[in-house]
1. I want to confirm something. Restricting to segment 253-272 and keeping residues that are surrounded by fewer than 18 Cβ atoms within 10 Å (Cβ to Cβ) and of a type outside the set (Gly, Ala, Ser), which single residue is nearest to the chain's Cα centre (by Cα)?
2. So LEU102 clears everything in (1) touching a Cys at 6+ places or on another chain (Cβ under 9 Å); (2) among the hydrophobic types (A, V, I, L, M, F, W, C); (3) within 29 Å of LYS329 (Cα to Cα) except one condition, right? Which one?
3. Can VAL155 be described as aliphatic (A, V, I, L, M) and crowded, with 22+ Cβ neighbours inside 10 Å?
4. Could you please tell me which pairs satisfy a Cβ distance under 8 Å, a separation of 6+ or placement on different chains, a first residue in segment 212-238 that is farther than 17 Å from LEU269 by Cβ, and a second residue that is surrounded by fewer than 16 Cβ atoms within 10 Å (Cβ to Cβ) and of a type in the set (A, V, I, L, M)?
5. Name the pairs: first residue in segment 64-92 and farther than 28 Å from THR309 by Cα, second residue among the polar types (S, T, N, Q) and surrounded by fewer than 16 Cβ atoms within 10 Å (Cβ to Cβ), Cβ to Cβ under 9 Å, at least 6 apart or on different chains?
6. Residue check: is VAL116 at pLDDT 95 or above, within 10 Å of the chain's Cα centre (by Cα) and either aliphatic (A, V, I, L, M) or surrounded by fewer than 19 Cβ atoms within 10 Å (Cβ to Cβ) (or both)?
7. Grab the helices (runs of 4 or more DSSP H) fully contained in segment 169-270, keeping just those with 3 or more residues being at pLDDT 95 or above and under 11 Å from LEU297 (Cα atoms).
Amino acid sequence: MSDKDVAEDRAANADMRSAFDTSAAGPRPPSEITGHYSSDNPDMVQFVDADGNRLETTEANAPYAQIVEDMTSQDAREIYRDLVLVRRIDAEGHALQRQGELGLWPSLLGQEAAQVGAGRALKPQDYAFPGYREHGVAWCKGVPPENLLGMYRGVNHGGWNSNENNFHLYTIVIGNQMLHATGYAMGVQTDGDVATGDPERDTAVMAFTGDGGTAQGDYNEALVFASVAAAPVVFFVQNNQWAISEPNEKQFTIPPYQRSRGFGIPGVLVDGNDPLATYAVSVAALDRARSGQGPTLIEAYTYRMGAHTTSDDPTKYRSDAEVEIWREKDPIKRMRGFMEERGHAEPDFFDEIDAEADEIAARIRHACQTMPDPPQEAMFDHIYAEPHPVTERERAEFVEYQESFVQEGAH
């Protein structure tokens, strides 16, 4: 690194420390907290503004511009459909929890563009490792939304077979999935499924976490392993600005996309409410991983419009004014504006998608309410790969105990 580069790095770090300074009394306005990530940040990759108007080519988005230009009207319609249906599935999950049908629900409201953009970029052979909010990625990987509801209803052991859709089970331990993803990616290398030149064989891995996850040891350890192994993994950080109830400045002083350089991993900052940008950046990073060029970190700057989960009350720690600022950056509104401006769909198309959303909401509501409870002894299944005498004995004792209640009731 040259003296000039060192000086520029020091200046950038000084600016960041100033932007995240918490020494002043009282909470800072949202405009100051998010200032480093504003739309005029030259590092941020964006293609459409809040109204869907196509933005000019910049130094930041130029490397990804051709990917967007190659997208067809059909691509745009499919992304829009995903955005709308994913939001409706999420809304139904929230409503079902409030009505006592689910034990918990972590909403993705506001983060649809980040998840659909990344999910759409994944190929069938690519493996995704989610946290617990990646309902949009699950949808794009073909996981039935009913399976997500089953997990939060507590009627199954995870909800789906990970290998059927190359979508790992939800990980509740914050940041743990980053190590899982890196290990899997290193296995892909060992199997020789990287840089073969075969587009149906070359495989990448994508790991998803939030801004809070970047403060976990597992996250940082994963970046170390991925970097030194040049593993074919893309780390996708959805920076929704609130790690449960803690803002960015309680999680880091340098943003994740800049911190990645310290691990020897390229970092990209993308507007997480811009579906075109998140798709294009994800396509490029995954292509890079599949071709053997190693890991990339993507920071998608977005916003969690709802609560962290249905057990959370966000009014306790953030202002209504901050939420209203982000309401104007709605990714669905942005995508629809782009499509209308470019003539990618007729008005009837949007009505048809809304009707399909109603249908899927009714379908998953019925499925949720009619899910059978699993046999109680199923808790002993799959503890070990092979039958184990201890668990078999415990199962028999449990079944006998449960049957004793039935026998007592008969008398």
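1. It comes out as PRO266.
2. Only one criterion in (1) touching a Cys at 6+ places or on another chain (Cβ under 9 Å); (2) among the hydrophobic types (A, V, I, L, M, F, W, C); (3) within 29 Å of LYS329 (Cα to Cα) is unmet by LEU102, namely (3).
3. No, not satisfied.
4. That search, which allows pairs on different chains as well, returns GLY212/ILE244; ASP218/VAL173.
5. ALA65/THR57
6. Judged against the criteria, VAL116 is a match.
7. Here the list reads 217-229, 256-259.
This table checks each residue for (1) part of a helix (DSSP H, G or I); (2) β-branched (Val, Ile, Thr); (3) under 21 Å from the mean Cα position of the chain (by Cα).
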position	(1), (2), (3)
ALA65	yes, no, no
MET71	no, no, no
TYR80	yes, no, yes
LEU83	yes, no, yes
ASP90	yes, no, yes
HIS94	yes, no, yes
TRP105	no, no, yes
ARG133	no, no, yes
VAL137	yes, yes, yes
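The values are calculated or read from the model by the stated rules, or taken from the named source; none is laboratory data. Please read these numbers as outputs of a predicted model, since none were measured by experiment. No Cβ is skipped: glycine too gets one built from the backbone with ideal geometry, and neighbour counts run over all protein chains shown.
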